[in-house]
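Undergrad: Here's a structure for you.
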Amino acid sequence: MSQGPELIITEKDNAARRIADILSGGSAEADRQNGVNVYKWGGKRCIGLSGHVVGVDFPPEYNDWRDVEPVELIEAPIDKHPTQENIVSTLRLLARKAGRVVIATDYDREGELIGKEAYELVREVNEAVPVDRVRFSSITENEVTDAFANPDELDFDLAAAGEARQIVDLVWGAALTRFLSLSARQLGDDFISVGRVQGPTLKLIVDREREIEAFDPEAYWELFADLEKHDGDAEGSFEAQYFYLDDDGNEAERVWDEDAAETAFEALAASSSATVDAVRRRTRTDDPPAPFNTTQFIRAAGSLGYSAQRAMSIAEDLYTAGYLTYPRTDNTVYPDDLDPRELLDSFTGTRTFGDDAQSLLDQESIEPTAGDEETTDHPPIHPTGELPSRADLTEDEWEVYELVVRRFFATVAEPATWEHLRVVAIVADDRSLKANGKRLLEPGYHAVYPYSNASESFVPDVVEGEELAVTDTSFEAKETQPPRRYGQSRLIETMEEMGIGTKATRHDVIQKLYDRGYIESDPPRPTRLARAVVEASEEFADRIVSEEMTAQLEADMQAISRGESSLAEVTEESREILESVFEGLMESGDEVGEHLQKSLKADKTVGECPDCGGDLVIRKSRQGSYFIGCDSYPDCEHTLPLPSTGKPLLLEETCEEHGLHHIKMLAGRKTFVHGCPLCKAEAADEQEDEVIGPCPDCHEEHGGELAIKRLRSGSRLVGCTRYPDCDYSLPLPRRGDIEVTDETCEDHDLPEVRITYEDGDEPWDLGCPICNYREYQAEQSESGTDLESVSGIGAKTAEKLKDAGVEDVDSLKSAEPDSLAEQVDGVGPDTVRKWQTEAD
DNA sequence: GCAAGGTC
């Protein structure tokens, strides 16, 4: 038997901590080495990796995009190198001394590969140590003890399947990305990327846009009548819709012929009564939803207004804090060792969930629902039973936490039952009207899960042959609508159906499309560049925008994992296909480049320059702010300013007077439409400044006065008439008409201001501009410097940061990332940097 | 400066 401690390696720190806790019976202690947690007890050590700690890439001599022909990457060697130095060195240190190694990474293909990477790192420093592999589906006492009592071996074929994927993805992605970027001369941060997953995802969005554009609306008419029981009971009134039987004998509501619609309407309008012809009553059960996997969680959070990225970020925080299970999962079947009663029991007695938990426990039986997908790596997302108090979480975190708790409740609740009532009535001898009513008989899971639609529609009790009064009729002209754009969660669902991306990456892929300038706005809309990339790919490298590539790769990986094929065979064949793709691509490189360049320019062209007839384009100043400038600069110096907040997006709509595209400024919740930039500038030039009182900074000395000013960028402010000698200014809202009232603020000798809105919104009495701005600043300093205002920082993390001496956003911004990461558990320097850029 | 997949 070998000497030395046993070393257990898991995929992540969280798993290491929990496994150590289970195996040690709670006696394990964390020791921080190199900034990495090592859990120790008896003769054992347990370390968590951070997913892949080594990465695949081409050797450094292939780094220069100009020097290396993209096609050369196809046959270039590929290296593996550590990407997480701290973890790798700590692992080596422990492995050297280990008497036995147990790989306990996640029980899936990528976990097997991560395990193999750990195995190779171990072997580098310790040739002889025995290495075992354990597999478990959830980190519970039973599963973990069982797995460690029955160790197995690493599955090298399965790991090789994962490695083949890495190689194929790198070679195709890097070679094609470099080719497109070089051909369009986009080499900085704005390179043009394609890949096996982002390609088909982008094509999905572009294809939908093509359908929308090609859509030819068709006119149709719908007719309605209000019917009322004759007893005069107001509640007996309901709306019914006209229908007829079409050529196939199916019920149809849409009338496609205007004359036919008018004839039918005249018949309805001339009738004062209708006779009930048929009444049908049915009871329907409505089953509770399946447990949450990542996709369904994102969808549900999406209907609460969270973006996919934000929903996942919150779920990850709640997981790290111990309140939720692992949020990246495909599984929709609870594991056997989840005891729903025990979990429900942990919520009894709590203010928010106590009554609902108790009512569920009082059910005769508890049978959780199950979805179609059962996997071996992680359970569906559910609450852990460790409960946060409301004060531990931000409002968003609490809302998401409650969603997950209530979803769990729903999965163990009873079905709902509905009564459907359908009434058909006849008017004018042979015209049919129908109404469908819906009443909730037993709320079932709806009682604990308010997110699903449980709205009723009322149709009164009527009997066959009953006479109803026709009290009103209506005639609505409508048009068929183009298909809707994909929303983020619908996109993620479709990716899942197509088998592209994974539970852990799909939302990141969408974010990547935004970052690359391929999509904008929400729901995402493709840019001209995105269309050009998809068009070029369709013509020369169809596989990279087709879901088939993933399907083929999945089949190849299956074959490798079963020993029926090999990594070398699969990657060689893939390289050959790519070679032939490049043959076509290289012949037409210039053409492709031109098309991409034109599209890039179209994405930022606002319209024709009024001075020289050239193109006005959106530009970015050295200070990072956006403005509009003439493409013929320096020959033409025409410029137009843009608002200082947000990123400009060209709208399809153009200005009737100037022909320029309207502009929308994207700034998260503060997004607004700026409109025609030339109209905005001209309006500012025409508007006289309106003096309202003395300037508090310079009136006494220089006689400066405050005036309401309109800037060419469209923003409005109260500023000093001596500008730029005096730069005193107060902001005014962007929206609404500014009205100066007769009321005066005695403190500042200024009139009170009122904002009125044309769209009928309640006017806003802003008051004295100075008082208003002071109040605004006070609010900002209360909420704005709060750490939790930075996305990605939850209540728990904020607390840890405060422990490390970082009290507010300002001190976060000035912190040194590496040393701060050292002090805060579970936070790396990159995360700190991300927060810092976000806080700016 | 490439991808996609883990993870924070």
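Undergrad: So A:R92 fits all but one of (1) modelled with pLDDT under 95; (2) touching a helix residue (DSSP H, G or I) at 6+ places or on another chain (Cβ under 6 Å); what number is the exception?
TA: (1) is the only condition that A:R92 fails.
Undergrad: Right, here's the next one. Select, from A:R299, A:R341, the only residue that is within 29 Å of A:D108 (Cβ to Cβ), at pLDDT 95 or above, not in a loop (DSSP other than H, G, I, E, B) and not hydrophobic (A, V, I, L, M, F, W, C). Steps first, answer last, please.
TA: Working: A:R341 fails: within 29 Å of A:D108 (Cβ to Cβ).
Result: A:R299 is the single residue among A:R299, A:R341 that is within 29 Å of A:D108 (Cβ to Cβ), at pLDDT 95 or above, not in a loop (DSSP other than H, G, I, E, B) and not hydrophobic (A, V, I, L, M, F, W, C).
Undergrad: Identify, please: which residue in segment A:709-721 is touching a residue at least 40 places away in the same chain (Cβ under 8 Å) and not basic (K, R) and is, among those, farthest from A:H638 (Cα to Cα)?
TA: A:V718
Undergrad: Go through A:P327, A:P388 for me and flag whichever is touching a strand residue (DSSP E or B) at 6+ places or on another chain (Cβ under 6 Å) and not assigned by TED's automatic domain parsing to the domain that holds A:S521.
TA: When all the criteria are applied, what remains is A:P327.
Undergrad: Could you check segment A:625-663 and list, in sequence order, the residues that are on the phi > 0 side of the Ramachandran plot and either surrounded by fewer than 18 Cβ atoms within 10 Å (Cβ to Cβ) or at pLDDT 90 or above (or both)?
TA: Step one: list which residues in segment A:625-663 are on the phi > 0 side of the Ramachandran plot, which gives A:646, A:659.
Correct list: A:G659 only.
Undergrad: Could I ask something else about it? State yes or no: is A:N63 loosely packed, with under 15 Cβ neighbours inside 10 Å and either within 34 Å of the chain's Cα centre (by Cα) or modelled with pLDDT under 95 (or both)? Reasoning before the result, please.
TA: Values: loosely packed, with under 15 Cβ neighbours inside 10 Å: yes; either within 34 Å of the chain's Cα centre (by Cα) or modelled with pLDDT under 95 (or both): yes.
In short, yes.
Undergrad: Need a quick list: strands (runs of 3 or more DSSP E) entirely within segment A:1-49 having at least 2 residues that are free of Cβ contacts under 8 Å to residues at least 24 places away in the same chain and out of contact with any Cys (no Cβ under 9 Å at 6 or more places or on another chain). Talk me through it step by step, then tell me what you get.
TA: On the way: elements: A:6-10, A:29-33, A:36-41, A:44-48.
Hits in segment A:1-49: A:29-33.
Undergrad: Something else about it: Please enumerate the residues belonging to segment A:48-105 that are under 13 Å from A:I8 (Cα atoms), within 12 Å of DNA strand B (Cβ to nearest atom) and not small (G, A, S).
TA: A:L49, A:T105
Undergrad: Checking A:L7 against (1) among the aliphatic types (A, V, I, L, M); (2) within 16 Å of DNA strand B (Cβ to nearest atom); (3) modelled with pLDDT of 95 or more, which test does it fail?
TA: (2)
Undergrad: If I filter segment A:155-187 down to residues being in a loop (DSSP other than H, G, I, E, B) and crowded, with 18+ Cβ neighbours inside 10 Å, which single residue comes out as farthest from DNA strand B (Cβ to nearest atom)?
TA: Checking each candidate, the answer is A:A184.
Undergrad: For A:G4, work out the one condition from (1) crowded, with 16+ Cβ neighbours inside 10 Å; (2) in contact with a Phe, Trp or Tyr (Cβ under 7 Å, 6 or more places away or on another chain) it doesn't fulfil.
TA: (2)
Undergrad: Of the residues that make up segment A:132-142, is at least one in a helix (DSSP H, G or I), away from DNA strand B (no atom under 12 Å from the Cβ) and either within 35 Å of the chain's Cα centre (by Cα) or not hydroxyl-bearing (S, T, Y) (or both)?
TA: yes
Undergrad: Here's a follow-up. Scanning segment A:315-338 for residues that are within 16 Å of DNA strand B (Cβ to nearest atom) and β-branched (V, I, T), which turns out surrounded by the most Cβ atoms within 10 Å (Cβ to Cβ)?
TA: A:T325
The values are calculated or read from the model by the stated rules, or taken from the named source; none is laboratory data. None of the values given here were measured: they were computed from a predicted structure. Positions of Cβ are backbone-derived with ideal geometry, glycine not excepted, and every protein chain shown enters the neighbour counts.
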